[in-house]
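Derivation of every value follows stated rules applied to the coordinates shown; laboratory data play no part. Worth saying up front: this structure is predicted, and the values here are computed from it rather than measured.
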Amino acid sequence: MLALFPRLRFYSKVMAVVSVHAVMPQALGPILKTILFTIVVPGFVTVGAPYLLFGGLPAPGRRPLSWLGLFCIVIGASIYFSCAWEFAVRGPGTPAPIAPTKLLVVSGLHR
């Protein structure tokens, strides 16, 4: 019955335990699409746009505020990569609106 209604698997109280090795071959396409989306959209916003606007990448200073900014960038990037991984493996889909997840992601930070 779960094969006929794939979304029923998410909303039922009894969920089958699926090994990571069974999920990874199916998630290879969404993982590659997520990597491409990450390079194009967030990559352009964080690297490409400042490079075009300033004629190069600004060098960070050695003040405490620069270290705080770097810390915030690392935390934000780790949150994004964690969510993108959940979208690709559990979804399967991408954070991109043109290739959304096929299933509702209710694990990880989306819980």
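Provide the gained length on full extension for the span Leu70 to Tyr51, in nm with one decimal, where the gain is 0.36 nm per separating residue minus the Cα-Cα distance.
Separation in residues times 0.36 nm, less the Cα-Cα distance, equals 5.1 nm.
Full-extension gain between Val106 and Trp85, please, as 0.36 nm times their residue separation minus the C-alpha to C-alpha distance. Each step should come with its number before you reach the end.
Values: separation 21, 0.36 × 21 = 7.56 nm, distance 1.28 nm.
Here the answer is 6.3 nm.
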